[in-house]
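**Student:** Got a structure for you, written out below as structure tokens; questions coming shortly.
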Amino acid sequence: MSKKEKELIETLDKKLDQKLMRTLTICALVMIGSALMHDGDHIRQALNWGYSIPLSLWVLNLTVYILPVVSLFLIRMGRFSATVVTGIAGIFISASFLMLHLLGSATGLWGVWNYSYFDLMKGVTYQGVYYQGVDWISWVCLFEVPVLSIPGSVIAFRKFVDLKKK
């Protein structure tokens, strides 16, 4: 085993202290809360439109919660890797929501939200039904995601660097 491999194993074996575990837990919970608030706005939109969110979309949407939940599990175990997973989680959640809602999706997986918020503001026809209505609340619930999630990523990556130096 090379020196570099031994150093990597030692780094990965480091345990988190209680203060860092609390900090990372708060970061991960804020990310989950941020995503929940955004998804709650989608429920509000769907109710206003009379749109029924299909079960497949509910299940697909769970993907944004995987990384922060995994990070909570790793944090609870005191694992060093929790710093990396928490850092990636905030970036992934922010990027996925922003890309989908600012650019739209060509996959067809997101129901009426395949259209960008700009298109939904003007109005779109999806499966023969006309939908219109992205208001200021929807925009706030979109941009609150990176505002609340990215700081948690920064904190997690800083802690990663600090721990790696020690």
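**Student:** When only residues in segment 125-166 that are part of a helix (DSSP H, G or I) and among the small types (Gly, Ala, Ser) count, which is nearest to TYR65 (Cα to Cα)?
**Tutor:** The selected residue is SER149.
**Student:** Kindly list, by first and then second residue, each pair from a residue in segment 96-121 that is charged (D, E, K, R) to a residue that is modelled with pLDDT of 95 or more, limited to pairs with Cβ atoms under 8 Å and residues at least 6 apart or on different chains.
**Tutor:** Matching pairs, first to second residue: ASP119/GLY104.
**Student:** Could you list, in sequence order, all residues of segment 27-62 that are without any contact (Cβ under 8 Å) to a residue 24 or more places away in the chain, assigned to a helix (DSSP H, G or I) and more than 14 Å from TRP113 (Cβ to Cβ)?
**Tutor:** Those that are without any contact (Cβ under 8 Å) to a residue 24 or more places away in the chain, assigned to a helix (DSSP H, G or I) and more than 14 Å from TRP113 (Cβ to Cβ): LEU36, LEU47, LEU55, VAL59.
**Student:** Can you tell me which residue in segment 56-72 is least open to solvent (accessible area, probe 1.4 Å), limited to those that are more than 16 Å from SER96 (Cα to Cα) and at pLDDT 95 or above?
**Tutor:** Among residues in segment 56-72 that are more than 16 Å from SER96 (Cα to Cα) and at pLDDT 95 or above, the one least open to solvent (accessible area, probe 1.4 Å) is SER71.
**Student:** Sticking with this structure for a sec: With respect to GLY90, determine if the residue is of a type outside the set (A, V, I, L, M, F, W, C), at pLDDT 95 or above and open to solvent by less than 60 Å² (accessible area, probe 1.4 Å).
**Tutor:** yes
**Student:** Right, something else. I'm checking my understanding of the structure. Among residues of segment 104-113 that are of a type outside the set (Gly, Ala, Ser) and open to solvent by less than 20 Å² (accessible area, probe 1.4 Å), which one is nearest to TRP136 (Cα to Cα)?
**Tutor:** Among them, the one singled out is TRP113.
**Student:** Somewhere in segment 120-139, is a residue within 18 Å of GLY40 (Cβ to Cβ), polar (S, T, N, Q) and open to solvent by 10 Å² or more (accessible area, probe 1.4 Å)?
**Tutor:** No.
**Student:** When the residues of segment 112-134 are narrowed to those that are polar (S, T, N, Q) and within 22 Å of the chain's Cα centre (by Cα), which ends up farthest from TYR51 (Cα to Cα)?
**Tutor:** SER116
The values are calculated or read from the model by the stated rules, or taken from the named source; none is laboratory data. Bear in mind that the values here come from a model prediction, so they are computed numbers and not experimental data. Using ideal geometry, Cβ is built from the backbone for each residue, glycine included, and neighbour counts are taken over all protein chains shown. These area figures cover heavy atoms from the full protein model, side chains too; ligands, DNA and RNA do not enter into them. Shrake-Rupley method; radii C 1.70, N 1.55, O 1.52, S 1.80 Å.
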